[in-house]
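Accompanying notes for the structure given below.
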Amino acid sequence: MDRYDLIVIGSGPGGYRAAVLGALRGLKVAIIERRDWGGCCLNRGCVPKKAWHHSAKWIAQSRALASRGLRAKVTADLGVAWEHQREVVATVRDSYESYMKRLGITALRGHGRLLDAQRVELSAGDTVQTIEGAHIILATGSSPRLPSWSGEVPGRVLTTDTLFDEPPPAGKRVALIGSGVIGTEFAFILTLLGKEVVWICGGEPLARSLFSNQARRTLREAMANYDIAPRTGARVQSARVGDDGVALTLEDGGEETVDWVCLGTGRVPHTEGLGLEAAGIETDAAGFVVRNAHLQTAAANVYAIGDCTSPAMTANQALADATLAIDNILGDTPRAQDPLWVPEAIYSAVEMARIGMDEDTAEDEDLEPAVGFAAFETSPRALGQGDTAGFVRLLGDMDSGALLGGEIVGSEAAELIHLLALAPDRDTALRWLARGAYNHPTRAEELLNAAETMASKWGLRDHIFG
Ligand code: FAD
């Protein structure tokens, strides 16, 4: 039986990162994948979606060309966009596979199942083998949740998995179901890529996120510029799929006839056939693998990371989990997970990113949050780009001047949030921002401006500039 220091099951961002970090830090690593290297994020999630978002943004920006004296007619073709994302994904997947090879990681194809807390059975077709690991990381991810009315998801009712796996069906009119991140992103992407989107939302878009009311208002306004409006309070009761379209009946008695449907109705963790019980590992009522703050399951040498462990379900969280799991496997003093300080981002009609506490969370912890605000509408860089929607909003502690959290709405928000995520220490992060050297004119300078408004408005000059 082959023996490893670390066996990773699942090669999404969590599993891939854990395998790479483990190998870089001297462990003998095997990684098991039953489908495509790179998991959901690379093959049918973040990576192809961002390629489409970039195209959607180009089309959005092309509307302002004439006011700058530029002339071009930009039109969209979702079929070609589909081919393009496949090329992007294939290139990244090849680079992942060759990097794993270079690091000496044993990449095994097949389904992994725990036989106990040290042994994993790998089945690939008729071949079955058992390998042994001193440590095991479960990184098995999640799949789309199918609402009861969707049946077997035939060719005209798509999940985001099928949307990226198969060329999109013909037809212009698309029903998009869901008010979460996927609904919010694809409402913009599919509209700008030429579809007439009927966006059916049980609740307000992103209502269950930590984004502020101001952020969600800015998003609504940006969506309205492209005539995108959610039909909130609408729920699908049943669907009739025919040869040339789908007829949806809504709970309020309304009907919608569309060419195809895209589901953004949540995701469920993958734990089926994983042999958790054989290793004494439990799942919670929602099916997530139970683990402690150090990411250990009930079997102390088996760690669990990413989508299979919590409804947070972002690649960012899976990557942060991977780093922590490897630190804890190798370190003497285990560190606890700090999920609030992993950035999150939304790519829609405006880009949105946040990290840390919001005001309610801060007040629940008996802190007094002070707000520092700077809008992009007066940023020289944003004005020159003709792209002034959004703002930077920092939260600081009134007593100590420590950074409590931050939110950035507007172009490049997901890049800019790294200035907060990577600050060396939260107690001095605002001072660090205030003393930093910046390119001018840039969007990043608005973080400095927001820190300045906080200093002057809330009497934090000494903390921030002292
Ligand atoms: P996954 O990426 O789900 O990978 C798990 C892997 O494990 C899979 O490849 C699966 O085949 C394999 N596996 C499962 N069970 C077994 C087994 N028993 N044996 C062998 N292999 C197994 N997140 C972001 O942060 N930013 C984004 O922009 C973003 N965009 C998204 C867009 C879409 C359309 C979707 C659907 C998701 C998006 N996400 C985004 C979420 C992100 O893709 C997931 O949070 C992330 O992929 C989770 O990583 P993971 O490593 O936990 O699992």
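Long hydrophobic helices in the chain: the complete DSSP H runs spanning 20 Å or more by Cα along their own axis with mean Kyte-Doolittle hydropathy of at least -1.0 are 46-62, 78-102, 315-330.
A simple packing score, the average count of other Cβ atoms within 10 Å per residue, orders the peptides 189-195, 407-413 as 407-413, 189-195, with the highest score first.
Of all beta bridges DSSP finds with both residues in the chain, what is the antiparallel percent, to the nearest 5? Kindly include the intermediate steps, with their values, before the conclusion.
Working: 46 of 77 bridges.
Approximately 60 percent, going by the DSSP bridge assignments.
Backbone amide hydrogens, once placed in the peptide plane, bring LEU176 within less than 5 Å of VAL198, TRP199, ILE200, CYS262, excluding anything fewer than 5 places away on its chain. Residues within the reach of a label modelled at LEU70 (point 7 angstrom out along Cα to beta-carbon, backbone nitrogen below 17 Å), restricted to the range 16-55, are 54-55.
Label zone of THR442 (point 7 Å out along Cα→Cβ, amide N under 18 Å): in the range 450-466 this covers 450-452. Rounded to the nearest angstrom and listed largest first, the equivalent-ellipsoid semi-axes of the range 208-344 from its Cα gyration tensor are 39, 22, 11. Charges only on Cβ, +1 for Lys and Arg, -1 for Asp and Glu: so what's the dipole of the range 89-140 about the Cα centre, in debye to the nearest 20? So the magnitude is around 180 debye. Taking Cβ atoms as reference points and 12 Å as the exclusive limit, the residues near THR249 contribute a net charge of -2, counting Lys and Arg as +1 and Asp and Glu as -1.
Counting charges near ILE131 (Lys, Arg +1; Asp, Glu -1) among other residues having Cβ under 9 Å from its Cβ returns a value of -1. Subtracting the Cα-Cα distance of ALA90 and ASN301 from their residue separation scaled by 0.36 nm leaves 72.6 nm.
Here the calculated FRET efficiency for LEU330 and GLU132, from their Cβ-Cβ distance with R0 = 25 Å, stands at 0.85, rounded to the nearest 0.05. Look at the dipole of the chain built from charges on Cβ: of ILE326, TYR96, MET1, the Cα furthest out on the positive end belongs to TYR96. Of the peptides 320-330, 20-30, the order by per-residue mean of other Cβ atoms within 10 Å, starting with the highest, comes out as 320-330, 20-30.
None of the figures in this text is laboratory data; all of them are computed from the coordinates on show. Not measured: the values here are computed from a predicted model. Neighbour counts are summed over all protein chains in view; Cβ atoms, including those assigned to glycine, are modelled from backbone coordinates with ideal geometry.
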